[in-house]
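Encoded as structure tokens, the structure appears first; notes follow it.
The values are calculated or read from the model by the stated rules, or taken from the named source; none is laboratory data. Bear in mind the structure is a predicted one, so any value in this text is a computation, not a measurement. Here the Cβ positions follow ideal geometry from the backbone for every residue, glycine too, while neighbour counts run over all protein chains shown.
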Amino acid sequence: MTCPRAYADAPELRREMHRLLALGAERDGRLAGPVTGSPAGSSADPTAAERAWLLRRAALMDRMALGGGSGPAAAAAEAAERLVRYDRRHPDLVAGPYRPDPVTLARRRLLYVRQEYAAWTAAGCPGSRPAP
């Protein structure tokens, strides 16, 4: 299946996967690093940093699911649901035109992830720190 336009400028899958695994380990305190004590690397706004990590994770899972298989599809749906729930608690961080409140169907959650990923990258990836 073709990659949606939202992911046209996304990092290569393997690179993004390794990056998110490292950020997750730092975020959870399993690995010492520059983000320890602040989710996903932003000391200025931990809420935006957490959201950036959830968004990047949901986008990665969605991209992997586009290749097919029920395992990646289930992981993408779960990651999308976590982002939607987070955005419902923090509506000021939502960048796209469609809000998370009415999103209920799994397919709509993935479209929501794509919308938000495109808006996030267009805004310069707020809440994340540059890759080493």
Which condition number does Ala77 fail, the rest of (1) under 12 Å from Ala59 (Cα atoms); (2) not in a helix (DSSP H, G or I) being met?
(2)
Just for region 83-101: of the residues that are assigned to a helix (DSSP H, G or I) and either touching a helix residue (DSSP H, G or I) at 6+ places or on another chain (Cβ under 8 Å) or at pLDDT below 90 (or both), which one is surrounded by the most Cβ atoms within 10 Å (Cβ to Cβ)?
Leu83
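Would you call Tyr112 under 20 Å from Ala48 (Cα atoms), touching a Gly at 6+ places or on another chain (Cβ under 8 Å) and among the hydroxyl-bearing types (Ser, Thr, Tyr)?
Spelling it out, Tyr112 is indeed under 20 Å from Ala48 (Cα atoms), touching a Gly at 6+ places or on another chain (Cβ under 8 Å) and among the hydroxyl-bearing types (Ser, Thr, Tyr).
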Number of the exception - Ser128 against (1) closer than 15 Å to Ala10 by Cα; (2) modelled with pLDDT of 90 or more
(2)
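Rundown of residues vs (1) at pLDDT 90 or above; (2) more than 17 Å from Leu111 (Cα to Cα); (3) surrounded by fewer than 19 Cβ atoms within 10 Å (Cβ to Cβ); (4) not β-branched (Val, Ile, Thr), yes/no style:
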{"site": "Thr2", "(1), (2), (3), (4)": "no, no, yes, no"}
{"site": "Met17", "(1), (2), (3), (4)": "yes, yes, yes, yes"}
{"site": "Leu23", "(1), (2), (3), (4)": "no, yes, no, yes"}
{"site": "Arg30", "(1), (2), (3), (4)": "no, yes, yes, yes"}
{"site": "Pro34", "(1), (2), (3), (4)": "no, yes, yes, yes"}
{"site": "Leu55", "(1), (2), (3), (4)": "yes, no, no, yes"}
{"site": "Arg63", "(1), (2), (3), (4)": "yes, no, no, yes"}
{"site": "Gly68", "(1), (2), (3), (4)": "no, no, yes, yes"}
{"site": "Glu81", "(1), (2), (3), (4)": "yes, no, yes, yes"}
Return the residue satisfying two criteria in turn: it lies in region 95-118 and is aliphatic (A, V, I, L, M) and under 12 Å from the mean Cα position of the chain (by Cα), and of such residues it is nearest to Arg57 (Cα to Cα).
Val113
Positions within region 115-132 being buried (at least 21 other Cβ atoms within 10 Å of the Cβ) and not in a loop (DSSP other than H, G, I, E, B), in sequence order
Glu116, Tyr117, Trp120
State which residue pairs qualify: first residue free of Cβ contacts under 8 Å to residues at least 40 places away in the same chain and inside region 66-86, second residue surrounded by fewer than 16 Cβ atoms within 10 Å (Cβ to Cβ) and outside any loop (DSSP other than H, G, I, E, B) in any location, beta carbons under 6 Å apart, and separation of 6 or more residues or different chains.
Ala77/Ala106
The lone condition Pro126 fails out of (1) touching a residue at least 60 places away in the same chain (Cβ under 8 Å); (2) over 20 Å from Arg27 (Cα atoms) is (2)
In region 43-94, what residues are among the small types (Gly, Ala, Ser), farther than 21 Å from Gly127 by Cβ and over 13 Å from the mean Cα position of the chain (by Cα)?
Ala65, Gly67, Gly68, Gly69, Ser70, Gly71, Ala73, Ala74
